[in-house]
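Here's the structure we're looking at; comments come further down.
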Amino acid sequence: MFHREAGIYKTSYAADMALYPLPVARWAVAGFAVLFLGVLPLAVHEYYLTIVNLISIAIVGALGLNILVGYTGQISIGHAAFMSVGAYTAANLAVRLDLPFWITLPAGGLMAAAIGTLVGIPSLRIKGLYLAIATLAAQLIIEWTINHVEWISGGVQASIEVPRPELFGYVIKSQTQLYFFLMFFVVLAIIATQNLIRSRIGRAFIAIRDQDIAAEIIGINIFRYKLYAFAISSFYAGVTGVLYTYFLGIANYEQFQIVVSIDYLAMIIIGGLGSILGSIFGAIFVTLLPIVLRLVMEDFGSLIFSEADLRNIIPNLRLIVFGALIIFFLIVEPEGLNRLWRNIRSYFRVWPFSY
Amino acid sequence: MFDWFEWEFTLSLLTNGVLIGLMYALIALGFVLVYKATDAINFAQGEFVMLAAFFGAVMLLSAGAPFWVAVLVTLAGMIAFGFGLERVVLRPLIGRPIVSVIMATIGLAAVLRGVAPLVFGAETRSIVMPVEDAPIIWGPLFISPIQLIGAGVAVMFLAAFTWFFLKSRMGIAMRAVADNQQVAMAMGINVERYFALAWAMAGVVSALGGIVWGSLLGVDVHLALIGLKVFPVVILGGLDSIVGAIVGGLIIGIVENIAAGYLDPVVGGGTKDFAPYVLMIIALMVRPYGIFGKRQIERV
């Protein structure tokens with residue numbers, strides 16, 4: 001937020017390491033809490049709440065991917081596949097064994113983490129391009145397996161219907177209820193990531209990203225920490241998959257195709273690599289983009305194009321804008337929206353002086 | 001009786017695999033050329049091929065040009081595209097981490113997949129080559145003339161580029177650029193020009209790949225999916241080796257066809273899209289630099 005400190009008054013390590021060092025930041029967080037937990041779900045129409053829910057799910061996934069790509073410097077083009085692993089694990093457990101969501105959710109996450117770690121093993125020997133191709137292969141192989149093994153996919157259409165999540169005998173079915181359900185996990189994911197990055201593990205991740213050889217010399221076991229990164233990141237992905245499954249009420253492999261992997265990569269690049277706020281910005285931006293594009297085209301597109309053309313144009317336009325934005329941010333602002341936000345903030349911090 | 005049948009079946013799978021494999025090699029060549037010269041990885045190779053096929057199809061169908069004119073226009077269009085792309089997207093990314101280049105080409109792939117149907121229309125078109133449609137029957141084998149032409153073009157190009165890199169002045173300069181950019185600059189080689197040239201060469205290869213594959217599969221957005229087959233080919237063969245592209249292409253083509261012929265009845269279809277990636281994962285674990293690639297792989 002736009003706050004100005006008058007100096008540094010920290011007298012203890014605890015104060016220095018606090019997540020929110022200034023009172024104004026704590027007040028801002030409290031204000032956001034009131035806005036998101038009280039005002040928003042009550043004041044906003046159900047349709048918009050659906051969009052907010054989609055954003056919530058995307059935030060969890062983007063945070064996970066950012067741990068791997070942004071903080072550890074590894075690359076994964078297979079994240080959607082890890083999500084599908086989580087989704088199908090949870091769906092199978094929920095339908096076959098009739099387990100509640102608080103068991104299927106971590107189970108889906110853990111299963112995804114296991115598969116993700118397996119995919120991450122080649123990262124011991126290979127990096128950069130090779131890792132990108134290995135994860136791409138993982139995406140295609142997992143997609144194929146889920147689609148072709150009926151024991152996992154539930155046969156027809158490769159989709160499994162899941163019952164609504166239940167909490168203390170209370171079924172979560174409306175969008176408002178889902179909103180609170182999802183918001184809990186978003187807050188949990190943000191806090192967990194924030195603390196992970198400040199911990200020994202997070203510091204090791206950053207060291208590996210910045211200079212892997214130097215990291216090894218100062219005693220970081222690179223292989224182990226890379227696998228941690230893959231495991232944690234795919235755990236988030238698995239949880240994202242489970243949340244999405246409960247949100248849709250159905251587990252379907254079509255929701256986790258390679259395009260989705262690229263969407264998530266777009267989120268963290270547009271939002272900002274190696275930044276929590278960036279993941280959130282990116283998730284909001286990329287989720288809203290197709291919706292806004294569709295609305296704009298439906299309202300104003302008919303001035304230029306015919307109805308039939310419009311239906312053809314909208315999905316393609318989404319692809320074009322996505323790709324162009326990825327390229328644009330990579331070339332012009334590699335640190336993404338987060339950097340833009342910080343620039344604005346630091347401008348206003350010293351306003352009206354230039355520094 | 002049964003044994004004889006199996007033998008013939010295998011033989012036809014093998015022939016088909018070899019022809020398809022050479023056509024894969026043609027596309028993989030575009031990837032290898034760029035990687036060899038600029039160290040950049042082109043995740044949009046399949047989209048290049050798709051774009052070229054659209055060029056060709058539009059020239060043939062909408063403009064009604066004769067076949068050879070369509071081929072020339074496609075070539076010219078793809079060369080211009082290669083130069084433009086290098087200038088606008090890839091040059092600003094020189095010196096950035098490898099992940100940035102990968103992501104930029106992924107973004108590029110998305111843009112191309114969105115632009116092509118908007119500009120050229122979404123319906124599937126066909127490229128008709130001026131050859132007989134009927135398969136050539138040779139003993140027990142049925143060979144499609146289109147595949148034969150595709151394989152022929154591939155062999156021709158592979159030979160031409162091998163000569164180019166080994167003997168021609170430009171090819172040697174390009175190898176120097178790939179080997180060490182700073183030293184190449186110090187020797188008076190215009191590095192940026194060779195980067196642009198490499199992308200234009202990838203455009204040339206994609207132009208022919210697009211016409212050959214387009215006439216085999218039909219031209220629409222799904223043509224871009226063969227780009228995904230490029231990765232197993234180049235990983236197996238070695239990322240920077242032209243011979244590797246051929247050998248990798250042959251291996252993938254044969255494995256794919258044999259797998260489809262023998263495993264599909266067992267697992268119920270789709271092995272064609274699956275077997276190459278399993279092979280690639282094994283290759284990545286055992287020999288990540290490929291059969292012919294240089295061993296200088298970044299290790300941790």
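The values are calculated or read from the model by the stated rules, or taken from the named source; none is laboratory data. Just so you know, these numbers come straight off a predicted model, no measurement behind them. FYI the Cβ positions are ideal-geometry reconstructions off the backbone, even for glycines, and counts take in every protein chain you see.
If I ask for residues that are exposed (fewer than 15 other Cβ atoms within 10 Å of the Cβ), assigned to a helix (DSSP H, G or I) and modelled with pLDDT of 85 or more, which ones from the stretch B:163-191 would you list?
Of everything in the stretch B:163-191, those that are exposed (fewer than 15 other Cβ atoms within 10 Å of the Cβ), assigned to a helix (DSSP H, G or I) and modelled with pLDDT of 85 or more turn out to be B:Trp163, B:Leu166, B:Lys167, B:Arg169, B:Met170, B:Ile172, B:Val183, B:Met185, B:Ala186.
Quickly run through the stretch B:195-223 and pick out the residues that are of a type in the set (S, T, N, Q) and modelled with pLDDT under 85.
Once the filter is applied, which keeps residues that are of a type in the set (S, T, N, Q) and modelled with pLDDT under 85, the stretch B:195-223 yields only B:Ser215.
Assuming B:Ala53 fulfils every condition listed in (1) under 26 Å from B:Lys272 (Cβ atoms); (2) part of a loop (DSSP other than H, G, I, E, B) apart from one, which condition is it?
Among (1) under 26 Å from B:Lys272 (Cβ atoms); (2) part of a loop (DSSP other than H, G, I, E, B), the lone unmet condition for B:Ala53 is (2).
Mind counting the residues in the stretch A:97-140 that are away from chain B (no Cβ under 14 Å) and touching a helix residue (DSSP H, G or I) at 6+ places or on another chain (Cβ under 6 Å)? Step through it out loud before you land on a result.
Within the stretch A:97-140, the first condition is being away from chain B (no Cβ under 14 Å), and the residues that meet it are A:97-114, A:116-117.
If we keep only those that are touching a helix residue (DSSP H, G or I) at 6+ places or on another chain (Cβ under 6 Å) too, we end up with A:99, A:104-105, A:107-109, A:111-113, A:116-117.
Qualifying residue count for the region: 11.
Can you give me the number of residues within the stretch B:65-96 that are closer than 13 Å to B:Asp39 by Cα and either within 7 Å of chain A (Cβ to nearest Cβ) or among the hydroxyl-bearing types (Ser, Thr, Tyr) (or both)?
1
Just give me the residues in the stretch A:45-64 being out of contact with any Ser or Thr (no Cβ under 9 Å at 6 or more places or on another chain) and farther than 24 Å from A:Asp263 by Cβ, in sequence order.
Passing the criteria: only A:His45.
Can you pull out the residues in the stretch B:37-49 that are under 12 Å from B:Ala198 (Cβ atoms), within 13 Å of chain A (Cβ to nearest Cβ) and not hydroxyl-bearing (Ser, Thr, Tyr)?
B:Asp39, B:Ala40, B:Asn42
Given the conditions (1) in contact with a Gly (Cβ under 8 Å, 6 or more places away or on another chain); (2) of a type outside the set (Lys, Arg); (3) under 30 Å from A:Gln74 (Cα atoms); (4) assigned to a helix (DSSP H, G or I), report the number of the one that A:Leu273 does not fulfil.
(4)
Quick one: which of A:Ile133, A:Ile172, A:Ile141 is at pLDDT below 80 and within 23 Å of the chain's Cα centre (by Cα)?
Every option except A:Ile172 fails the conditions.
Read through the list (1) within 14 Å of another protein chain (Cβ to nearest Cβ); (2) touching a Ser or Thr at 6+ places or on another chain (Cβ under 9 Å); (3) in contact (Cβ under 8 Å) with a residue 60 or more places away in the chain, then give the number of the only condition that A:Met183 fails.
Unmet condition: (1).
Given the options A:Ala90, A:Ala80, name the one that is under 22 Å from the mean Cα position of the chain (by Cα) and closer than 25 Å to B:Ala275 by Cβ.
One residue alone meets the criteria, A:Ala80.
Looking at (1) buried (at least 23 other Cβ atoms within 10 Å of the Cβ); (2) more than 14 Å from chain B (Cβ to nearest Cβ), which one does A:Ala43 not meet, given that it meets all the others?
(1)
Just wondering, is there one or more residues in the stretch A:229-252 that are in contact with an Asp or Glu (Cβ under 8 Å, 6 or more places away or on another chain), within 30 Å of A:Asn147 (Cβ to Cβ) and surrounded by fewer than 19 Cβ atoms within 10 Å (Cβ to Cβ)?
yes
For every residue, the table says whether it meets (1) at pLDDT 75 or above; (2) surrounded by fewer than 16 Cβ atoms within 10 Å (Cβ to Cβ); (3) at the interface with chain A (Cβ under 9 Å from one of its Cβ atoms).
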| residue | (1), (2), (3) |
| --- | --- |
| B:Leu225 | yes, yes, no |
| B:Gly237 | yes, no, no |
| B:Val247 | yes, no, no |
| B:Ile251 | yes, no, no |
| B:Ala259 | yes, no, no |
| B:Gly268 | no, yes, yes |
| B:Ala275 | yes, no, no |
| B:Arg295 | no, yes, no |
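State which residue pairs qualify: first residue touching a residue at least 40 places away in the same chain (Cβ under 8 Å) and small (Gly, Ala, Ser) and inside the stretch B:7-28, second residue outside any helix (DSSP H, G or I) and surrounded by fewer than 17 Cβ atoms within 10 Å (Cβ to Cβ) in any location, beta carbons under 6 Å apart, and separation of 6 or more residues or different chains.
Filtered contacts from the stretch B:7-28: B:Ser12/B:Leu141.
Taking B:Arg113 as the residue in question, decide whether it is basic (Lys, Arg), in contact (Cβ under 8 Å) with a residue 24 or more places away in the chain and under 19 Å from B:Ser215 (Cβ atoms).
Spelling it out, it is not the case that B:Arg113 is basic (Lys, Arg), in contact (Cβ under 8 Å) with a residue 24 or more places away in the chain and under 19 Å from B:Ser215 (Cβ atoms).
Which one of these is in contact with a Ser or Thr (Cβ under 9 Å, 6 or more places away or on another chain), within 14 Å of another protein chain (Cβ to nearest Cβ) and modelled with pLDDT of 80 or more: A:Ile146, A:Ile67?
Only one candidate qualifies: A:Ile146.
What are the residues in the stretch B:149-159 that are more than 13 Å from the chain's Cα centre (by Cα) and more than 17 Å from B:Gly218 (Cα to Cα), if any?
If the condition is that a residue be more than 13 Å from the chain's Cα centre (by Cα) and more than 17 Å from B:Gly218 (Cα to Cα), then B:Gly152, B:Met156, B:Ala159 are the ones that fit.
With the condition kept exactly as written, say whether any residue in the stretch B:112-126 is within 30 Å of A:Gly336 (Cα to Cα), in contact with a Gly (Cβ under 6 Å, 6 or more places away or on another chain) and of a type in the set (A, V, I, L, M, F, W, C).
No; the residues of the stretch B:112-126 include none that is within 30 Å of A:Gly336 (Cα to Cα), in contact with a Gly (Cβ under 6 Å, 6 or more places away or on another chain) and of a type in the set (A, V, I, L, M, F, W, C).
What residue, of A:Ala81, A:Ala62, is at pLDDT 90 or above and within 14 Å of chain B (Cβ to nearest Cβ)?
None of the other options fit; the residue is A:Ala81.
May I ask you to verify whether A:Leu317 is closer than 24 Å to A:Leu54 by Cβ, surrounded by fewer than 17 Cβ atoms within 10 Å (Cβ to Cβ), within 14 Å of chain B (Cβ to nearest Cβ) and not charged (D, E, K, R)?
Values: closer than 24 Å to A:Leu54 by Cβ: yes; surrounded by fewer than 17 Cβ atoms within 10 Å (Cβ to Cβ): no; within 14 Å of chain B (Cβ to nearest Cβ): yes; not charged (D, E, K, R): yes.
It is false that A:Leu317 is closer than 24 Å to A:Leu54 by Cβ, surrounded by fewer than 17 Cβ atoms within 10 Å (Cβ to Cβ), within 14 Å of chain B (Cβ to nearest Cβ) and not charged (D, E, K, R).
What's the total number of residues in the stretch A:109-152 that are in a helix (DSSP H, G or I) and farther than 12 Å from A:Tyr253 by Cα?
Qualifying residue count for the region: 29.
For the stretch B:97-135: of the residues being closer than 27 Å to B:Trp68 by Cβ and of a type in the set (S, T, N, Q), which is farthest from the other protein chains (Cβ to nearest Cβ)?
The qualifying residue farthest from the other protein chains (Cβ to nearest Cβ) is B:Ser126.
Among B:Leu33, B:Leu51, B:Leu72, B:Leu13, which is the only one that is of a type outside the set (S, T, N, Q), surrounded by fewer than 24 Cβ atoms within 10 Å (Cβ to Cβ) and either within 20 Å of the chain's Cα centre (by Cα) or more than 28 Å from B:Ile254 (Cα to Cα) (or both)?
B:Leu72
Counting only residues that are under 19 Å from A:Ile197 (Cα atoms) and more than 24 Å from the chain's Cα centre (by Cα), how many does the stretch A:17-39 have?
Total satisfying the criteria: 3.
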